[in-house]
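Step one of this worksheet: look at the structure below.
The values are calculated or read from the model by the stated rules, or taken from the named source; none is laboratory data. Worth saying up front: this structure is predicted, and the values here are computed from it rather than measured. Here Cβ is always computed from backbone atoms with ideal geometry, including for glycine, and neighbour counts include all displayed protein chains. We work out accessible area using only protein heavy atoms, side chains counted, and drop any ligands, DNA or RNA first. Shrake-Rupley method; radii C 1.70, N 1.55, O 1.52, S 1.80 Å.
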Amino acid sequence: MVMKPKETVTLIKRFMGCTYDEVKEDIKHVQYDVVNDNGYPKILIGDKKYSPEEISAKILMKLKSDAEAYLGEKVTEAVITVPAYFNDAERQATKNAGKIAGLDVKRIINEPTAAALAYGIDKQEDTHTILVYDLGGGTFDVSILDLGDGVFEVKSTSGNNRLGGDDFDQRVMDYIVKDIKKEHKVDLSDDKMAMQRIKDAAEKAKKDLSGMTTAQISLPFLAQGEDGVINYETDLTRAKFEELNMDLFESTLEPVRKALKDAKLTAKDIDKVLLVGGSTRIPYIQELVKKELGQEPSKGVNPDECVALGAAIQGGVLT
């Protein structure tokens with residue numbers, strides 16, 4: 001990503017099944033070129049254009065070959081998960097990506113449902129109500145599920161397909177770029193290589209701040225300024241990180257309230273709160289959810305892995 005920012009594709013999930021106009025904002029956040037191809041986004045690498053499905057298919061092919069190497073046999077079928085908030089076009093695009101990758105997609109299941117499966121909640125006999133708060137790298141979902149006798153009923157779902165860890169990184173990047181501009185009188189926002197290094201540093205600092213109250217950002221030889229080489233160093237505190245992202249963090253409560261309202265429930269009716277997705281490791285997010293719903297969220301399964309685990313369980317059920 002640092003050496004070849006123009007040829008490395010990230011954030012592809014946000015482009016799935018969307019028109020070019022729908023993803024205009026997201027295009028600003030990536031270092032590679034996205035062109036308008038008859039109203040749809042295409043990724044330009046060298047002189048070749050790829051659809052989001054083709055890029056996703058490459059990821060699925062890699063997963064397929066890793067699984068085959070591990071198992072020592074061919075893998076031909078798959079269960080693929082999507083945000084609950086994905087519409088038909090986005091689901092169909094995901095299914096097509098599986099097809100291009102040579103997979104027979106047996107099911108497309110919602111990520112919160114998969115997460116609930118992984119938490120083993122389907123094992124419990126009595127009926128109860130779960131709220132899944134899923135904040136990943138690029139998407140945010142809230143789902144309320146009712147379970148009884150191993151049957152899931154999705155009561156409501158809400159969210160924002162354009163919110164996640166990448167947006168928190170972006171806020172830190174903007175802060176660094178502004179700081180460098182003030183200090184060195186240079187605007188690095190068009191320097192693709194420098195921006196990719198800043199992005200890496202921003203993401204690392206964010207992760208560090210989940211366990212520490214101060215993260216060190218060190219970017220030696222970042223770029224050439226008027227008065228020589230720019231070496232950038234700063235300490236980012238957890239308080240500053242929270243301040244930079246406060247509006248984004250707080251905005252996740254709106255879908256929580258909407259999901260409760262649509263399910264005709266209050267916070268008191270929720271028996272269990274599940275946190276899913278890497279971004280739920282942010283301490284402020286955990287506090288926010290706890291305060292809003294009046295209970296400690298469940299921390300039983302790795303938030304990065306539980307959706308994949310749930311998909312595997314679903315695959316097992318199907319076979």
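Observations, loosely collected:
- Estimated FRET transfer efficiency (Glu7, Thr214; beta-carbon r; R0 25 Å; 0.05): 0.10
- Protection proxy ranking of 111-119, 41-49, by the mean of other Cβ atoms within 10 Å over each peptide's residues and highest first, is 111-119, 41-49.
- Of all lysines in the structure, not one has an alpha carbon short of 19 Å from that of Lys185, not counting any fewer than 8 places away in one chain.
- In plain terms, the chain from Lys28 to Asp227 could stretch by 68.7 nm, reckoned as 0.36 nm per residue minus the Cα-Cα distance.
- When peptides 20-32, 161-173 are ranked by their average number of other Cβ atoms within 10 Å per residue, the highest-first order is 161-173, 20-32.
- 20 Å cut-off, amide nitrogen to a point 7 angstrom out along Asp271 Cα→Cβ, residues in the stretch 300-319: 300-301
- Pairs from Lys48/Lys207; Lys240/Lys290; Lys28/Lys181; Lys24/Lys206; Lys58/Lys155 whose Cα-Cα separation, in the structure shown, is over 28 Å: Lys48/Lys207; Lys58/Lys155
- If you take all other residues with their beta carbon under 15 Å from the beta carbon of Lys49, and give Lys and Arg +1 and Asp and Glu -1, the sum is -2.
- With N counted as the residues of the stretch 69-219, its alpha-carbon radius of gyration over 2.2 N^0.38 Å works out to 1.40.
- Taking a ≥ b ≥ c as the square roots of the eigenvalues of the alpha-carbon gyration tensor, the stretch 225-287 is classed prolate because a/c is 1.5 or more and a/b outweighs b/c.
- Magnitude of the charge dipole, the stretch 227-305, Cβ model with Lys/Arg +1 and Asp/Glu -1, debye to 20: 580
- The residues of the stretch 1-78 expose on average 60 square angstrom of accessible surface per residue, using a 1.4 Å probe on protein heavy atoms.
- Here the chain is treated with +1 on each Lys and Arg Cβ and -1 on each Asp and Glu Cβ, and its dipole about the Cα centre works out to around 280 debye.
- Entry note: the stretch 44-158 has Rg to Rh equal to 1.05, where both radii use alpha-carbon atoms and Rh is the Kirkwood radius.
- All lysines inside 22 Å of Lys64 as judged from Cα atoms, apart from same-chain residues fewer than 8 positions distant: Lys13, Lys74, Lys95, Lys99, Lys106
- Inter-label distance, nm, simple model (7 Å from Cα along the C-beta direction), Ala239/Lys204: 2.6
- Gain on full stretching of the segment that runs from Ile313 to Glu68 - 0.36 nm per residue minus C-alpha separation: 86.4 nm
- Label point at Ile59 placed 7 Å out along Cα→Cβ; residues across the stretch 87-127 whose backbone nitrogen lies under 13 Å: 94-95, 97-98
- Using the rule -39500 (n - 2.57) for each DSSP H run of four or more residues, divided by the residues of the chain, the 222 nm mean residue ellipticity is -13000 deg cm²/dmol.
- Charge-dipole axis of the chain as Lys and Arg at +1 and Asp and Glu at -1 on Cβ define it, positive-most pick from Val35, Asn302, Ala115: Val35
- Normalised per residue, the accessible area of the stretch 124-206 is 41 Å², obtained with a 1.4 Å probe and no contribution from ligands, DNA or RNA.
- Convex hull volume per residue for the stretch 161-273, taking Cα atoms only, in Å³: 120
- Here the accessible area of the chain is 50 percent carbon and sulfur, with a 1.4 angstrom probe and all protein chains present.
- Computed magnitude of the charge dipole of the stretch 1-47 (debye, nearest 20; Cβ of K, R +1, Cβ of D, E -1): 180
- The stretch 169-217 versus the stretch 100-164: alpha-carbon centroid distance in Å: 33
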